[in-house]
Amino acid sequence: MRRRDLFKCFRAGASVAAPGFPTQIASRVARAFSTPGAAPNGLQATSEGLWVLDQATNRAALVRYDDGHIIREFATETDRGSGITFDGEALWVASTYNRLLVRVDAHDGRTLKKLASPGSGLVKWGPRATHPEATGAHGLEWRHGELWVAVPPAVRIFLLNPSDGREQNSFPAPGVRPHGIGWDPDGSLWVTESIYRSFFKMDPATGRILLQLMLPAEDPVRDGVVLQPHGMTIWNREIWFSVAETGEVYRVPLPA
């Protein structure tokens, strides 16, 4: 999105009724590092390091937080994946273009299990010629033995039983393009909305939006184009997000 178009959105929004939740602008945006691949589309923070899933190569890399140095990296049997999470033993990858959720070995990428992605279909943004294929899940998170999934075509967040993929709950996601998701230290769920360049704090029990955290109007920016967040995770009270178009990871502090 060009800066002039973004400012038009801000001006147009001035006359819109206030939403039923507070909105804040991120206090700062810090570039962390470039990723091993050119199109990082999924992130997951762990105590061992930051997992990065690259959509162009279908490779998963575990990297250091301080400089992005690769700890280990391997290929996965996925198709243009968009999300990654860790269940304590293995990784789950959202294999977006063949609409699967794939559990893989966290040391060599060997496929351990496959489930159908819920809510698959055609996305609701952009011209149909640009998005002609049905796709599936993007953001993934693991918590208390359950798998949480953000699915753009359905514009919903799903809670699944990871043993068989059965849906246990779901609620609407904000906007039209939900992407990465991550857990706040207080137990709330953060959901990335790429087009809005925002992160929404939500009550995972009800789906109620508690807060919208927007990126600044001109940060981050590359060659006059403001960048959109894709993959997201939370580490050390910061939101870490990837930009698929530039192969970078950025950080913003969680609201106090």
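The values are calculated or read from the model by the stated rules, or taken from the named source; none is laboratory data. Quick caveat, the model's predicted, so the values are computed rather than measured. Here the Cβ positions follow ideal geometry from the backbone for every residue, glycine too, while neighbour counts run over all protein chains shown. SASA here: full protein model, heavy atoms, side chains in, ligands and nucleic acids out. Shrake-Rupley method; radii C 1.70, N 1.55, O 1.52, S 1.80 Å.
Key figures for this structure:
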{"quantity": "Among (1) open to solvent by less than 10 Å² (accessible area, probe 1.4 Å); (2) farther than 22 Å from Leu91 by Cβ - the single one Ile209 does not satisfy", "calculated": "(1)"}
{"quantity": "The listed residue being part of a strand (DSSP E or B) and within 21 Å of Glu167 (Cβ to Cβ), out of Lys124, Lys114", "calculated": "Lys114"}
{"quantity": "1 or more residues β-branched (Val, Ile, Thr) and in contact (Cβ under 8 Å) with a residue 60 or more places away in the chain: qualifying strands (runs of 3 or more DSSP E) within segment 198-256", "calculated": "209-214, 232-235, 238-243, 248-253"}
{"quantity": "Candidates Gln24, Gln44 - the one that is in a strand (DSSP E or B), open to solvent by 60 Å² or more (accessible area, probe 1.4 Å) and at pLDDT 95 or above", "calculated": "Gln24"}
{"quantity": "Count - residues of segment 48-85 that are open to solvent by 50 Å² or more (accessible area, probe 1.4 Å), under 15 Å from Ala32 (Cβ atoms) and either in a loop (DSSP other than H, G, I, E, B) or touching a helix residue (DSSP H, G or I) at 6+ places or on another chain (Cβ under 9 Å) (or both)", "calculated": "4"}
{"quantity": "Residue in segment 229-237 that is buried (at least 18 other Cβ atoms within 10 Å of the Cβ) and out of contact with any Gly (no Cβ under 9 Å at 6 or more places or on another chain) present", "calculated": "no"}
{"quantity": "Among the candidates Thr85, Thr111, Thr135, Thr96, residue that is closer than 19 Å to Ala45 by Cα, among the polar types (S, T, N, Q) and at pLDDT 95 or above", "calculated": "Thr85"}
{"quantity": "Some residue of segment 161-173 being modelled with pLDDT of 95 or more and touching a His at 6+ places or on another chain (Cβ under 6 Å)", "calculated": "no"}
{"quantity": "Scan of segment 88-98 for residues that are farther than 13 Å from Leu147 by Cα and open to solvent by less than 10 Å² (accessible area, probe 1.4 Å), ordered by number", "calculated": "Ser95, Thr96"}
{"quantity": "Test: residue in segment 99-106 that is touching a Leu at 6+ places or on another chain (Cβ under 7 Å), assigned to a loop (DSSP other than H, G, I, E, B), open to solvent by less than 60 Å² (accessible area, probe 1.4 Å) and more than 19 Å from Ile181 (Cβ to Cβ)", "calculated": "yes"}
{"quantity": "Checking Val149 against (1) crowded, with 21+ Cβ neighbours inside 10 Å; (2) free of Cβ contacts under 8 Å to residues at least 60 places away in the same chain; (3) in a strand (DSSP E or B), the condition it does not meet", "calculated": "(2)"}
{"quantity": "Residues located in segment 157-188, provided they are farther than 21 Å from Arg103 by Cβ, surrounded by 22 or more Cβ atoms within 10 Å (Cβ to Cβ) and among the hydrophobic types (A, V, I, L, M, F, W, C)", "calculated": "Ala173"}
